[in-house]
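The values are calculated or read from the model by the stated rules, or taken from the named source; none is laboratory data. Note that the structure is a prediction, hence the values are computed from the model and not measured. Positions of Cβ are generated from backbone atoms using ideal geometry, with glycine treated the same way; all protein chains shown enter the neighbour counts. Keep in mind that these areas ignore ligands, DNA and RNA; they rest on the heavy atoms of the full protein, side chains included. Shrake-Rupley method; radii C 1.70, N 1.55, O 1.52, S 1.80 Å.
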2 protein chains.
Amino acid sequence: MLIIAERINASRKQIAQAISTGDRAFIQEEAKAQTQAGAHYIDVNAGTFVGEEAEKLKWIIEAVQEVTHLPLSIDSPDPTVIQAVLPLMKKTPLINSISLEPSRIEGILPLVVERRTKVIALCQAEHHLAETTEAKVALAGRLLEKLTGAGVPLDDIYLDPLVYPLSTNPKSAKATLDAIGIIMGKFPGAHTVCGLTNVSYGLPARKLINRAFLGAAITMGLDSAIIDPTDKQLYAMLKAVTLVNGKDDFCVDYISAFRAGRVE
Amino acid sequence: MLIIAERINASRKQIAQAISTGDRAFIQEEAKAQTQAGAHYIDVNAGTFVGEEAEKLKWIIEAVQEVTHLPLSIDSPDPTVIQAVLPLMKKTPLINSISLEPSRIEGILPLVVERRTKVIALCQAEHHLAETTEAKVALAGRLLEKLTGAGVPLDDIYLDPLVYPLSTNPKSAKATLDAIGIIMGKFPGAHTVCGLTNVSYGLPARKLINRAFLGAAITMGLDSAIIDPTDKQLYAMLKAVTLVNGKDDFCVDYISAFRAGRVE
């Protein structure tokens with residue numbers, strides 16, 4: 001289970017403030033905490049700084065790379081921003097994200113190919129939300145065709161079938177879960193990834209819903225997730241669900257998480 | 001999601017003591033608490049009282065039926081015990097359980113047919129543990145053939161694919177999860193049921209594993225479970241997983257559980 005750690009995101013108030021005030025130590029603490037909590041990639045996002053995104057993201061990246069050995073996930077839809085920060089990367093990054101939108105295919109795909117990065121590909125339709133399983137799987141197929149056609153190895157592709165708020169459509173999460181199952185069966189070698197926060201939007205006890213959705217998604221085959229690994233209950237659920245799904249040989253991962261006080 | 005409430009079981013020390021001392025109030029409190037917590041059936045078990053099982057079970061049943069409107073789940077492998085208590089039933093019970101064992105087929109099946117009860121059917125092999133998905137599904141097919149052949153309606157049959165401890169075989173829960181998915185797809189109209197306690201045997205933080213397994217099983221299609229509905233975190237997970245699996249129209253069940261303080 002690949003964990004992409006989501007906390008360094010300018011849409012969070014404390015992060016935006018740290019970026020604005022140049023509070024390097026705060027950003028570095030977030031990077032260290034997520035590294036220690038078991039992240040595999042540290043996501044970095046300065047998306048709310050319109051017009052200054054590249055500059056702010058460079059500053060974040062420099063700060064983060066000083067304190068972690070982990071590769072980064074460059075979280076921007078803007079090819080010029082991605083291109084501007086790529087030369088700074090100490091390790092091969094994950095680009096978060098591409099979609100079938102022509103500007104992103106034309107702008108981002110060449111960067112993925114040239115730098116041989118990993119990439120998150122959003123199952124996002126051009127003109128409407130892809131809310132059904134069929135629409136999500138069809139988009140996954142088109143994305144894979146585009147990406148592998150350009151030479152991106154399957155193993156570098158993380159398909160995100162996207163999940164929408166249950167509060168507006170109580171069947172939407174199920175469509176995403178089924179899409180994960182079908183994608184993992186139909187396109188062996190490719191990966192699936194998902195964020196969790198949308199699913200619980202507008203409902204009470206959101207973290208419980210997020211945990212339940214992560215567990216269900218892993219059961220359907222999800223093999224990476226954009227989460228906060230410092231969320232103790234979420235991390236414990238991730239470990240336990242991985243265990244019950246037969247993906248933890250000799251229960252060794254679960255038991256070491258328990259010994260480290262990460263599971264209760 | 002049908003909830004069979006498991007607390008009144010003589011293998012629990014406090015219950016055995018209440019039975020031994022004739023503490024009717026204790027048993028009744030357990031029945032009331034589970035009724036209030038959202039049970040659909042109250043399981044009753046006096047299995048550890050060898051030689052006195054029928055007598056003790058009658059006493060339990062009389063006590064429980066005074067304080068709950070719910071039907072009971074008669075938890076015994078012994079046809080003579082089941083036959084002895086059936087006349088006491090105020091509502092059509094669930095018989096827990098039958099298997100392909102000849103004595104149980106010959107002894108219990110006629111009671112199920114005659115009394116038109118619901119029945120839990122264990123996917124238990126005669127001579128060895130059925131640990132693979134294929135073995136579990138094959139046993140489910142044979143049980144269904146026997147039961148429907150004798151006239152039991154599909155809707156009254158709860159197939160239990162059984163789950164064994166992860167600590168002895170880390171793939172065993174996955175075999176059960178896959179069996180649930182296949183059984184629900186292959187035999188439409190039948191139900192699946194499972195207990196949770198075996199899965200975590202010998203591992204730390206057992207309740208977390210039980211919750212994770214319940215969530216995974218519901219995701220695979222499980223539509224009833226033998227659980228403790230007064231376990232707050234387990235109940236909350238059940239509600240949240242039901243929600244993310246698209247089985248809670250308008251999120252109404254989840255929101256009322258939240259309002260009742262059952263979800264946090």
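Things worth noting here:
- Charge tally for B:Ala179 (other residues, Cβ to Cβ under 11 Å; Lys, Arg +1; Asp, Glu -1): -1.
- Only Lys, Arg, Asp and Glu carry charge here, each on its Cβ (+1 for the first two, -1 for the last two); on that basis segment B:107-209 has a dipole of about 260 debye about its Cα centre.
- For the chain pair B and A, the interface hides roughly 2900 square angstrom of accessible area in total, found with a 1.4 Å probe.
- This model, with +1 at the C-beta of Lys and Arg and -1 at the C-beta of Asp and Glu, gives the protein assembly as shown a dipole about its Cα centre of some 460 debye.
- Under 16 Å of direct C-alpha separation, and excluding same-chain neighbours fewer than eight residues apart, B:Lys136 reaches these aspartates and glutamates: B:Glu101, B:Glu126, B:Glu145, B:Asp160, B:Asp178.
- Straight-line reach from A:Lys32: taking Cα to Cα under 16 Å and skipping same-chain neighbours fewer than 8 places apart, the aspartates and glutamates in range are A:Glu6, A:Asp23, A:Asp43, A:Glu62, A:Glu66, A:Asp228, A:Asp231.
- Alpha carbon centroid spacing (whole Å) that separates segment B:154-195 from segment A:101-151: 37 Å
- Unit charges on C-beta of K, R, D, E only; dipole of chain B, Debye: 500 debye
- Local net charge near B:Ile226, Cβ-Cβ under 11 Å (Lys/Arg +1, Asp/Glu -1): -4
- Chain A: relative contact order as a whole-number percent, Cα under 8 Å and 6+ apart: 15 percent
- Pairs from the table (B:Lys146/B:Lys174; B:Lys118/B:Lys239; B:Lys207/B:Lys239) lying more than 20 angstrom apart at Cα are B:Lys146/B:Lys174; B:Lys118/B:Lys239.
- Largest GNM mean-square fluctuation across A:Val81, A:Val119, A:Val193, computed for chain A with C-alpha springs under 10 Å, falls on A:Val81.
- Positive end of the dipole of segment A:117-248 (Cβ unit charges, origin at the Cα centre): among A:Leu234, A:Ala135, A:Pro188, the Cα lying farthest that way belongs to A:Leu234.
- Global geometry of chain B, whether rounded, prolate or oblate, following the gyration tensor of its Cα atoms and the 1.5 cut on a/c: rounded
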